[in-house]
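This report concerns only the one structure given below.
The values are calculated or read from the model by the stated rules, or taken from the named source; none is laboratory data. Predicted model, so just to flag it, every value in this text is computed and none were measured. Cβ atoms come from the backbone with ideal geometry, glycine included; neighbour counts cover every protein chain shown. Ligands, DNA and RNA are stripped out before the accessible areas are found, and what is left, the full protein with its side chains, is counted by its heavy atoms. Shrake-Rupley method; radii C 1.70, N 1.55, O 1.52, S 1.80 Å.
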Amino acid sequence: MNINKNKLFSDKTLFYIYYLFKSTGFIITIFPIFLNDIIKLNLNEIVTIASYFTFIPLILEIPTGFLSDLWGNKKVVLTGLLLMICGILFLIIFPTKLSYCFYLGFMALAGNCFSGAEDVLLRNIATNDEEYFKIKSDLSSKFYIYSTSFLIVGGLIYKVNVFYTFYLQMISLIFSFTALIFLNVEKIEIINKLKLEKQISDIKISIIWIKLEKKFILLSLLIGWFSSIILLNNRTVQLLFLKLIGSNAPIYITIFFCLGNLCSSQGALFIKKYVNKIKNPIIFLSFLTILSYLFFCSNILILSILGYFILCFFKGAYRPYLNSKLMESIPIKSLRASFLSLSAFIGAIVAFFIQFTYGQIFKNIFEKNLLISILSLLFCTLIIFFLSKSKNNSKIHLKNYNGFSSKENYIDIYNDSIVFIQKYFECLSEDFKKGLNGIYSNIYPAPKIYKITNNEIYFEYTVGKISSNLNKNKQEIILSKILNNIKNNIKTISISNTNLYSETLSNTDIFIENKDLYSKLCNTKYLSLIHGDLHLDNIIVTSDNYYVVDWDLFGIGYIWFDVLTLLTSPNLKLNKNQRIYNFIQIFPEFNESEVKLIFNIFIKQKINVFSKLKSSLFGYKMYTKFITLDKTFSRERGELSYE
């Protein structure tokens, strides 16, 4: 146990070192001044050019998150550090407007790499969500304190030699890269086809979950707005102070940034200590944002400085709180990086809007800041309103294509998992619930059951392809698995052991006119637990297995009924002889002529059933499909088929 704790502390320390030295603290205070003095860009050019590169996160956020979950978070973060180093090199070697564009491109790509993977690495160090929040707050506080020295050194060295500051920044990134190499908190898995298919399946589930859990989208929008405002301030506050201070601006700006870092550190400690005492932390954080930019609207120096310190306090507080809330709202642990990248993608859309608006609408910096404060008030008010409405989830109702079904289908979230709910119009019998809870999945692979109420069943939501939509080769593979499963698990079950009879028991009456066949089919050796409606549309195929769904008719019945239902599925891409052959493989005691007769009677019975339901679209489609199937069998028998 002590070994694990020491290892955990070592990983935590390495992450702290990585995170601190990844900071652009050496150049952040002087960067806009560098762009203005050396590359000769004004404020509007700096912001406008930067806004053009916000399209990179729009394109690559989700793919890099997906890659992080698939390839390894650590590898993707290391790639991000290499991209940052390349960006600094371009500014050192080619200090031109074009190099600024390359720098922005590399930094945007690096941001893509960090956005999801970095927080997942930290979450892997923490044992739970609560500890993650505490570590995140502590990390933010220490980061702002220790990186203050970077700001001071960067500001002083800039006065000596502009490019020495960028050399120091590059050395810092190399040190961060080295620390991360020694971090060992995740098992690097080899990418394989199975893992890729599993990842795609999980993402499909995630898309459904996002439709349900609006809180994730709302928090992502809010984080995007707050992050954009901070980024905008980092790029413009130096020039704002330059206008108000004039001479010796770099020295004063460095001092302001150092004090700002101390404010950010206090913000992180404040939210960690008082988060449970603040009634609504999001309202509190939104108020700080609006207030800070209102102060920036003034050309009075003391108010602008006050606004800056408020924004720094806000920066330290919002990141650990909202990021931990976002992490808590992700139900699928294996997709954390993908979800966080999706959140960053949403944030990138917000950032593009803010930066483009800030750069284009007004020329005066004070008017720009007034616009941001007004937009922040409107945006935060809307987010807070919708967050208050999103606490109670509404189920997604699925359209029922079966016009005579006795249930309704929903998708919902239950215990942080996506579930498929079947709601029945009548109460479920105790025998049915008991059987479904205990033994139903022993027959065929089936989704996990989370909960059964008087009239609802909560199944694990399974994403895959309906087997009726598969090509012939894949259908044959699934068919072989199912039939082998049946062949290996046929058991005689005493009817006296349970009252859970399948409705399919009565279907033997359709064979009563042929007494020998009827007697043979009603042999008790065929009695078993059966699904009762085992057609292709009730078989979901995933990347590594198949699952049988829709257990309404589950109970004791004749196992040949499941086999017959499966082999007479209209969408099964097998000819008559292949269907008959598969039936005989399971029940070799039946000869070919008997099996042909069984198929003939069974298909005609299906036609009779659906002929009474032709008024519904579903009933009509099934009727025409069985008519077509009957013609196939009748043509080879030389008989008249149904018309």
Subset tally (residues that are open to solvent by less than 50 Å² (accessible area, probe 1.4 Å), modelled with pLDDT of 85 or more and outside any helix (DSSP H, G or I)) for the range 266-312 | 1
In the range 51-81, which residue that is of a type outside the set (Gly, Ala, Ser) and outside any helix (DSSP H, G or I) is modelled with the highest pLDDT?
-> 53
Looking at (1) surrounded by fewer than 23 Cβ atoms within 10 Å (Cβ to Cβ); (2) modelled with pLDDT of 85 or more; (3) of a type in the set (S, T, N, Q), which is the only condition residue 137 fails?
-> (1)
Conditions: (1) in contact with a helix residue (DSSP H, G or I) (Cβ under 8 Å, 6 or more places away or on another chain); (2) at pLDDT below 70; (3) under 19 Å from residue 282 (Cβ atoms). Residue 354 meets all but one. Number of the miss?
-> (2)
In this structure, is residue 170 part of a helix (DSSP H, G or I), within 28 Å of residue 267 (Cα to Cα), more than 26 Å from the chain's Cα centre (by Cα) and not charged (D, E, K, R)?
-> no
Are any of the residues in the range 461-468 assigned to a helix (DSSP H, G or I), farther than 30 Å from residue 288 by Cα and modelled with pLDDT of 80 or more?
-> yes
Subset of the range 11-29 (residues that are within 16 Å of residue 154 (Cα to Cα), at pLDDT 80 or above and either outside any helix (DSSP H, G or I) or out of contact with any Gly (no Cβ under 9 Å at 6 or more places or on another chain) (or both)) = 20, 21, 22, 23, 24
Is it the case that residue 48 is part of a helix (DSSP H, G or I) and surrounded by fewer than 17 Cβ atoms within 10 Å (Cβ to Cβ)?
-> yes
Out of 12, 22, sole residue that is out of contact with any strand residue (DSSP E or B) (no Cβ under 7 Å at 6 or more places or on another chain), among the basic types (Lys, Arg) and open to solvent by less than 60 Å² (accessible area, probe 1.4 Å) | 22
Quick one: count up the residues across the range 51-74 that are surrounded by fewer than 23 Cβ atoms within 10 Å (Cβ to Cβ) and in contact with a Leu (Cβ under 9 Å, 6 or more places away or on another chain).
-> 8
